[in-house]
Every structure is written in structure tokens, then in C-alpha cells.
Amino acid sequence: MINQKNREELIKLLDSSDESVTLEDLFMFDLSPYYDEKKDESFFSKQLEFIQEKNELSHNTNISFTSEQIRIYNGIVESERTIISAPTSFGKTMLVKEYIFKYQPNIIVFIVPTNSLADELLEDFTTLFSDLGYTIFDSIKKVETISDKSIFIGTQEKYYKILEHYIDKIDLFVIDEAYKLSDKIKGSREVILNRVFIDTINISKKIILLMPLVNSISGLDQLKFNILKSDYAPVAKNFNSIENLDQRIKEDIQNVEKNNLIYFSSPKILEDFYIKNLKEIELPIEITDIWVKRVEDDFHPDWLPIQALKIGIGVHYGPMPKFIQKKVIDLFNSSLIKNLLSTSSIIEGVNTPTKNIYIVSSRDILGDKNLVKYKNLIGRAGRLGQHKVGNIYYDTKHKQQFEKANIPYEQIDIVFVLENSAEIIEINREDLFYKTADISKDSSNENPITPKPYLEHSNYENIPQIEVSKLLNKHGFTVNQLKIFLDYAQTKPKYFLGFIGKIEHGIDVVCFNIAINSRFSTFTQMVDELASKKSNIDISQIISSLIEMIYNIIPFKIIPLINFTIDINDLYNEYNGINLLSDDIIKEANRKKAQFYSKFIGIDNPKNESLIIINKLFEYGIPYQRVNPYLEIITEKLPNKFSIYDIKKIIFADESMTDLRIYFE
């Protein structure tokens, strides 16, 4: 019987150089990527060689489609709305690239879950499609309509900001890791992803949703998607239960023959493991002292990721500037370092094939709600052209949980948020979704959440509903978050920080205040001040918490909340003639925003064009003090639609900017 299980057994035999594997076996199990290992002068071999040439990709003639990939590709071509559900190693993005290269749709939008993955694809697509006349971008200097031959690649948040400027139909709309449309609505990320999906359905000629292999997909039935599934994977996996996993990792890390990815459920667990088991190890590493010195100067010499990299071990987790993440991944993918310690930032963040995966802690990837995450992680073990067989190692004490997680895809089901009418109302898309899907509202859902009951008998009840809807649309907040905000406003709070605690739970206010305080002008000064107030916390974790605060929490959580607060107050004043919030709260919110921009962006009240460019460089991890002398030149030479790679071209073309080139090495 030909199935994926038997296919993997054959791959394992091939990996062990078993002479019993024949070319006929490879043909029977659709393992054409391995034909070269068994080809000969026979007529059958020549026939297969001819078929491979016929199935060569247009955008990369070194690769040929398998029969399963051809089946899925033909489905993409024939269908206006497609869901591709297949394993991590199937080549889903490759299929999309082939379609773009062959059919050249004019306006393309490609949504990805993380900035790191966006940057990887931006670089790849720029190399592949620029000569075809495409503008590849994720940012716009000046607002303009988007109607030219272009490919936007970025997160849902970036697309949401420019969506209204697409005046023509989008020829191809792609969402990678589209299973995230099934995540429960918790915050702005889920809200905006579902909003851009609903908002773009009717303005897109062709839609492709990419996701891991699952059994059933529900919630999109009325939208008439063609679901294309395949369990085909050209690599195999071994699962290994280890008695003393920590010791095994320590031993294997010192064996520099194979790439090892070691997974942790949090940065703290990762750092604790490193300090306990790995800090005395020294491995060969090819990295310039100048690059290391720059990271130490910009951040801190005691930061664990840079200490680990100096001894040949990569570290990748969320609170880390992107140029450092990219450096670590580039070193790992090119095998200049063989070991990578990582958290969930690796699951959807970047392309990181490896021979071995060691799962040290698994709290965030095991359990029914996280099975897709788990499958995404283990899918990185083994990669066509590099490792025929990947190994997954876990501690024996967790054997029962892992055996439960290793269920076949037939037992994994996905239910999109759009199945639930209460969730649709919560993201403020009720009317548009039902119009898009051409269906009636779900009358079976009792007591749906709507904005109107929240606003009745509140101090915001006389604001027109359409204005409230516009407010929510502009800022990416939910109906429930608006309710929480207004309920708290009725208590007459004295300080803006109280709203941070109500809307964005768990933010370290002490860290926030130190980060924006101009008295601490260098990163080292901020670290020293925070360490003095948190003496029980390891210095590297202090550094990481500040980096996360500066590069993630403030720009993506606190600044949006400040803008939301100001607009709520302005809208209330427009219809009531008085402020909803006290002058002190508004002044405090504006002051904290100005402090952040002044300290980290270098501009108190930035104009849109300069702010966008500085933000792009800041997002990449380059301090504004380094950029400021060259900002005018970069702004002048930068095209209107751009990505970080357009900035890189300018920097490498201008001899006066050699100091900035180190961030792109």
C-alpha cells in the first residue's frame, strides 16, 4: 500500500544507503527528488529523466515538481479561492512562487505572521521577481493609490495600514499560516488578521490560504474555498525518547557534524538551560569581532545571546532586534554554527531546516489547542536536499504527552473564527462578513456581543455607532476592549498608566518608565537602573526585558493604546463639547509618546515620511543615533514603495554609510 508512512520507511532505507532501494521503488512512492541517486543508463531511467525535465519549475529549473505538487498546483491555477493544507516540507510557498512567475498577476498581497518571515520572503522575492517588473515592498513613504505591478509582503498590521489604498482589484491575495484565522480573539493581532481577511475577500480575484496538514477545515463553507490536501512529504522523521535529555543535548552540541535545534517554551527556560549546561562550551565560530563589538556597544556585553554566539551557539527568541535574529539564522542555515537554542519565534518566524530537534520544554506546543504549532515545529526536522531523515528528541518523562501529540492528521480539525457570529461582532465586521458570505446571521447564537448594549447607559452612548465603528477599525481594538476602556474611564482615573494595566495586562510599568526616561540615555544606563530595582533577576533577563519593551511592547502595544485614548477623547469632545478624560491623563499620554519618539526615534513630533523610514530602521534594530546623519540622503534616494532591502542598497552604494553596513552583514 502506498501511503506516507510507507513512503517514510523507504526514505529511511535510502538514507541508510540500503542497496535494496531501486529506482522503481522511488517511482512507485513518488520520490522523484531522489531519482539522481539511483539513475542509470536504462530506458526506464531515461524516461524518468524526461518526466523530470518536463516538470521543471519555471522560476527554478534545478527543481522539478512531484506528481502531488503538480496536482495541488493545478488546483491553484483552476480555483479562485484555494486552501492548501500540507506538511511543512511540502513546498507550499514554492507553489505560490511558481504561479506568480508563470502567470504574473499584477497586484499581489502576501500576508505572513511575523516580520522575520516577511524579511526573508522580501529578500527572496526581490531576487526572483524584480526583473519581471514587480515592485516588492512592505512600506510606503507617501500615501498613494496602489495600482501598479507590485508585491506587498508583510504582517497583517502593515497591510491593514495601506489596505484602503488598493483601488483596483487585488489579483492574488495569500495568507501564510492561515490556521491563525482559527485563533480565539484575544487582542489586536487576531482582530486585524480576521478583519483584513474579510475586508479583502471581495476585492481579490484569487485567494490562497496556506496552512499545515489537518483533517477538516470549517467556518469558510459559505465562501466556497476549494480545499486541497496532501500528506506528501519527501523527508522522514524519527521520534526518540531520551532518559537524560539535558546530558544528551550537551554531548550532541559538541558534536559539530549535524545541525541541532533545541526548543524551549520561554526565553527564561532557555537562558536557565544555557547557564546550567552550556556556558563553558567553546565551539568554532566564524563571526567578525567588529560585528560583535557593535552589538555589545548598541546593547550590552552581558546579554546572553551575544555571549552564546561568541562561543558558537545561536540563540533566537522574540525579544531580539531583527538584524541579530537574521544574523543567527543565516549562520545556522549556512552551517557556520551548528546549534540553535530557540523558542516559538522559530515556528513561524523563519525557514530553519535542521537534522535534529530537541524539545526541552513543551508547555506551549502540546495539548489539543496547540497541535498545529507542534506539527509546525517538528516539520523542521529534515529538509529535502539536506537531511532525508530528521530526528525529534524528548525527555522520557514526557513520553505519554508526545505520543498523544503524534496523532495522525485525520484527528486534527480547524474551526475558523468566522464560524462564530459573536467573534465576528467582536472584531466589528458583522455586516460586512454576512454581506461577503451572502448568508443570514446565525440566529442560534444567543446574546451576541454588539457595540450598542455596551454603549447604552454609558458616558459614550450618544456617539453615533458608525463613528464608534470607524474608531475601532482605525486602531484594531475589539468591542470588548472599548467596553473595558469606557468602564474604567467612568471611575475617573488620575493616571494614564491605569489604562495600560486595564487593556494590556502584564506590562512591567517600572521597565516602561525607565525605558522612556531621558535621564538614562544609553542602553547600559537603562540596564543598570532596572537591575538596581530588580536585583533578584539575572542581568541577561534584565537586558531582554528592556529590548522587548523598547522594540515590541512600546511601539506595538503602548503607542497604539495612546493613539486610541486620544482619539476616543477627541470623538467624545466632538459630540459632547467636553472631554471624556481629564487634561492630566491626555497630557500624560502625549508626554509618554513624545518621550519614546524623542529617545528612540530622535524626533519629538515626527512627520509621516521621516517617521516611516526611521521606524523601518528602528524595527530592524538600528539605533537612530547611527542613522540620523544619513537620514536625509536615505529619504531622498528611497523609492516610495520600499522594504529594508531598498535601504540596504542605498547604504551599500554610498561610501559615506560604511558604518551602517555592519547591520546587514
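Among the residues of region 254-264, are any in contact with a Gly (Cβ under 8 Å, 6 or more places away or on another chain), at pLDDT 90 or above, of a type in the set (A, V, I, L, M, F, W, C) and outside the structural domain of Ile76 (by TED's automatic domain parsing)?
So in region 254-264, the residues in contact with a Gly (Cβ under 8 Å, 6 or more places away or on another chain) come out as none.
No - not one qualifying residue is present in region 254-264.
Conditions (1) closer than 18 Å to Lys326 by Cβ; (2) under 26 Å from the mean Cα position of the chain (by Cα), marked per residue:
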site: Phe273; (1), (2): no, yes
site: Lys279; (1), (2): no, no
site: Glu282; (1), (2): no, no
site: Ile290; (1), (2): yes, no
site: Asp297; (1), (2): no, no
site: Asp302; (1), (2): no, no
site: Ile311; (1), (2): no, no
site: Val315; (1), (2): yes, yes
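Listed conditions (1) of a type outside the set (Phe, Trp, Tyr); (2) more than 30 Å from Ile346 (Cα to Cα); (3) crowded, with 20+ Cβ neighbours inside 10 Å are all met by Lys46, apart from (3). Figure legend. Inter-residue proximity from region 152-170: first residues farther than 19 Å from Asp119 by Cβ, second residues modelled with pLDDT of 95 or more, beta-carbon distance below 6 Å, spacing 6+ or different chains. Indicated pairs: Lys169/Lys205; Ile170/Ile107; Ile170/Val109; Ile170/Ser204.
Taking Leu546, is it part of a helix (DSSP H, G or I), under 30 Å from Leu309 (Cα atoms), of a type in the set (A, V, I, L, M) and under 31 Å from the mean Cα position of the chain (by Cα)? Can you show your working first?
Values: part of a helix (DSSP H, G or I): yes; under 30 Å from Leu309 (Cα atoms): yes; of a type in the set (A, V, I, L, M): yes; under 31 Å from the mean Cα position of the chain (by Cα): yes.
For Leu546, the condition - part of a helix (DSSP H, G or I), under 30 Å from Leu309 (Cα atoms), of a type in the set (A, V, I, L, M) and under 31 Å from the mean Cα position of the chain (by Cα) - is met.
Scanning for something at pLDDT below 90 and either in contact with a helix residue (DSSP H, G or I) (Cβ under 6 Å, 6 or more places away or on another chain) or not assigned by TED's automatic domain parsing to the domain that holds Glu296 (or both), does region 559-568 turn up at least one residue? Outline the logic, then answer.
Initial filter on region 559-568 (at pLDDT below 90): none.
Checked against the condition, which is being at pLDDT below 90 and either in contact with a helix residue (DSSP H, G or I) (Cβ under 6 Å, 6 or more places away or on another chain) or not assigned by TED's automatic domain parsing to the domain that holds Glu296 (or both), region 559-568 yields no hits at all.
Screening Phe137, Phe101, Phe90 for residues that are over 18 Å from the mean Cα position of the chain (by Cα) and crowded, with 22+ Cβ neighbours inside 10 Å leaves exactly one candidate, Phe90. Of the residues making up region 462-473, those that are in contact with a helix residue (DSSP H, G or I) (Cβ under 8 Å, 6 or more places away or on another chain) and either at positive phi or surrounded by 14 or more Cβ atoms within 10 Å (Cβ to Cβ) (or both) number 6.
Could you identify the single residue in Ile185, Ile162, Ile198, Ile192 that is out of contact with any strand residue (DSSP E or B) (no Cβ under 8 Å at 6 or more places or on another chain), in the same structural domain as Val112 (by TED's automatic domain parsing), under 23 Å from Lys557 (Cβ atoms) and in a helix (DSSP H, G or I)?
Numbers: Ile185 fails: in a helix (DSSP H, G or I); Ile162 fails: out of contact with any strand residue (DSSP E or B) (no Cβ under 8 Å at 6 or more places or on another chain); Ile198 fails: under 23 Å from Lys557 (Cβ atoms).
Exactly one residue qualifies, and that residue is Ile192.
Considering only residues in region 454-479 that are aromatic (Phe, Trp, Tyr) and under 16 Å from Ile566 (Cβ atoms), the one that is modelled with the highest pLDDT turns out to be Phe477. On the basis of being surrounded by 13 or more Cβ atoms within 10 Å (Cβ to Cβ), part of a helix (DSSP H, G or I), touching a residue at least 40 places away in the same chain (Cβ under 8 Å) and among the hydroxyl-bearing types (Ser, Thr, Tyr), does Tyr575 make the cut? For Tyr575, the condition - surrounded by 13 or more Cβ atoms within 10 Å (Cβ to Cβ), part of a helix (DSSP H, G or I), touching a residue at least 40 places away in the same chain (Cβ under 8 Å) and among the hydroxyl-bearing types (Ser, Thr, Tyr) - is not met. Filtering Glu461, Glu467 for residues that are among the acidic types (Asp, Glu) and in a loop (DSSP other than H, G, I, E, B) leaves a single hit, Glu461.
Taking into account only those residues within region 522-555 that are free of Cβ contacts under 8 Å to residues at least 24 places away in the same chain and in contact with a helix residue (DSSP H, G or I) (Cβ under 8 Å, 6 or more places away or on another chain), which is nearest to His316 (Cα to Cα)? So that I can check it myself, show each step before the final result.
Applying the first criterion (free of Cβ contacts under 8 Å to residues at least 24 places away in the same chain) to region 522-555 yields 522, 525-526, 528-533, 535-537, 542.
Those left that are additionally in contact with a helix residue (DSSP H, G or I) (Cβ under 8 Å, 6 or more places away or on another chain): 526, 529-531, 533, 537, 542.
Details: Met526: 23, Glu529: 26, Leu530: 23, Ala531: 23, Lys533: 27, Ile537: 20, Ile542: 17 Å.
Among them, the one singled out is Ile542.
Reported count of residues in region 130-143, each being outside any strand (DSSP E or B), under 16 Å from Asp646 (Cβ atoms) and of a type outside the set (Gly, Ala, Ser), is 5. Among helices (runs of 4 or more DSSP H) entirely within region 584-649, having at least 1 residues that are within 21 Å of Ile324 (Cα to Cα) and outside the structural domain of Lys161 (by TED's automatic domain parsing) singles out 608-620, 624-627.
Each row is one residue, and each column tells you yes or no for (1) touching a strand residue (DSSP E or B) at 6+ places or on another chain (Cβ under 9 Å); (2) at pLDDT 95 or above; (3) within 26 Å of Leu128 (Cα to Cα).
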residue	(1), (2), (3)
Pro33	yes, no, yes
Phe44	no, no, no
Glu53	yes, no, yes
Ser67	no, no, yes
Asn74	no, yes, yes
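The values are calculated or read from the model by the stated rules, or taken from the named source; none is laboratory data. Keep in mind it's a predicted model, so treat the numbers as computed, not measured. Cβ sites come from the backbone with ideal geometry, for glycine too, and all protein chains shown count toward neighbours.
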